[in-house]
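What follows is one structure encoded as structure tokens, with my remarks underneath.
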Amino acid sequence: MNIKKIKPFNKPIYITRPLLPKLGNVYKKIRIIWSSKQLTNFGYQHKELEKKLKKFLKVKNISLFCNGTAALESACRVLKLSGEVITTPFTFPATLHALYWNDIKPVFCDIEKDTFNLDPSKIEALITSKTTAIMPVHVFGNPCAVKKIKRIANAHKLKVVYDAAHAFGVKVNGIPIGNFGDISMFSFHATKVFHSIEGGCLTFKNKDLKNKSDLVKNFGIKNEEEIVMPGTNAKMNEIQAAIGILNLEILEGEIKRRRFLTNLYRNRLGKIPGITVMKDIPGVRHNYCYFPILINKNKYGLSRDGVYNGLKKFNVFARKYFYPLCSHFNWYKSLPSSNPKNLSVAEKIAKEVLCLPLFGSLKSEEVEKICDILENPKTLL
Ligand SMILES: *Cc1c(COP(=O)(O)O)cnc(C)c1O
């Protein structure tokens with residue numbers, strides 16, 4: 001086979017670029033904030049964003065945070081989680097860090113090969129008298145097995161906290177994703193499909209949990225004279241909230257564009273031996289937050305790391321989400337549940353996965369060229 005001569009991109013193509021509202025609209029918002037002289041502590045923008053997100057995510061209760069990690073930590077606190085929590089090694093480190101800072105021992109459970117999410121058939125064997133909760137992650141926006149997880153949690157009286165950092169706007173059979181479990185956490189970091197530069201939220205059915213979260217994120221201050229719990233400072237400020245409001249207005253267009261680019265990638269890369277692309281799941285409304293592929297070294301002829309390094313030569317910066325697994329961290333690797341033998345699917349996927357650039361302002365020609373580069377592994381050498 002002839003190897004096409006392909007020139008590198010003349011500017012770097014990153015894994016993502018943030019959604020950016022029109023600067024003129026940002027100025028207008030900032031002018032309003034400046035004249036209000038309220039920069040944080042639940043001002044007008046904060047109230048507006050909370051109202052709009054509650055409607056958009058179709059959830060009963062919501063509480064905004066300065067970032068998703070602080071939100072997840074607070075979720076553990078308001079649920080008084082302790083002892084052991086069953087979670088996935090195939091996630092961003094923040095999922096585990098939220099447990100760590102609550103003195104909770106993670107128990108790693110293997111994942112499913114098609115969704116990369118917690119494998120519900122392997123959860124029950126990991127439950128002990130110390131288990132207080134399950135913390136699954138909707139990895140790459142693919143919904144977890146929410147019904148099965150609910151059944152297990154109910155049978156064993158466990159709480160469920162979803163790390164829904166990737167799943168903003170996702171729906172399962174018409175049900176918006178923030179309605180599953182006791183609490184769901186969304187991240188509004190600039191790299192996420194919807195963002196407020198930094199930011200995040202918790203969603204809950206239970207109003208009491210929302211009230212507690214609102215207290216926890218503001219030092220536990222109920223009023224000037226009553227401090228009702230040891231809280232922290234994890235409030236979202238007015239500028240963050242304003243950016244969130246503006247981004248929410250342009251989100252649908254961004255998701256539509258990402259879906260188009262995702263299909264472009266899938267049509268081309270799905271035909272290459274040794275490359276596996278994910279498919280849309282029937283009944284799921286996806287948000288196209290990432291474009292992960294799996295690279296089988298033997299069938300493709302080059303390893304994932306070979307592809308990752310090869311793409312760099314063309315000025316394409318893919319990312320190994322999620323490698324290394326969280327069970328490989330120094331402070332977790334000696335846990336019995338970190339044993340690679342029990343995490344064989346996660347271990348395999350962590351070696352094969354690569355996320356390719358995907359964002360609304362990425363051009364179709366750029367996607368086509370990335371596919372041209374990947375078409376023949378020899379191009380990457
Ligand atoms: C981004 C992310 C977080 C952390 O959210 P921040 O808002 O950056 O603190 C947590 N979990 C997962 C899976 C994430 O991707």
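Taking label points 7 Å from Cα along the Cα-to-Cβ direction, R31 and K52 give a separation of 1.8 nm.
Potential lengthening of the chain between E226 and N263 amounts to 7.8 nm, from the contour at 0.36 nm per residue minus the alpha-carbon distance. Modelled label positions at K363 and H156, each set 7 Å beyond Cα in the direction of Cβ, lie 5.2 nm from each other. Extending 7 Å from Cα along the Cβ direction at D280 and again at K299 yields two label points whose distance is 2.3 nm.
List the GluC sites (Glu not before Pro) within region 167-244 that fall in a DSSP loop (any state other than H, G, I, E or B) and whose Cβ has at most 15 other Cβ atoms within 10 Å.
E224, E225
The long axis of helix 238-269 is offset from the longest Cα principal axis of the chain by roughly 30 degrees. Using C-alpha pairs below 8 Å separated by at least 6 residues, the relative contact order for the chain is 23 percent. Packing here is the average count of other Cβ atoms within 10 Å per residue, and on that basis the peptides 106-118, 36-48, 135-147, highest first, run 135-147, 106-118, 36-48. Between L96, C66, I86, the Cα set farthest toward the positive side of the dipole of region 1-103 (charges on each charged residue's Cβ, about the Cα centre) is that of C66.
Expected output is a single nm value to one decimal: the length gained when fully extending between K5 and N339, i.e. 0.36 nm times separation in residues minus the C-alpha distance. What is it?
So the chain would gain 115.8 nm between K5 and N339.
For region 297-365, chymotrypsin sites (Phe, Trp or Tyr not before Pro) meeting the loop criterion (DSSP other than H, G, I, E, B) and having at most 13 other Cβ atoms within 10 Å: W331. For region 355-381 versus region 139-200, the inter-centroid distance based on Cα atoms is 30 Å.
A short reminder: the numbers here are calculations on the coordinates, not readings from a lab. All values derive from a computational prediction rather than experimental measurement. Note: ideal-geometry Cβ built from the backbone for every residue, glycine included; neighbour counts use all protein chains shown.
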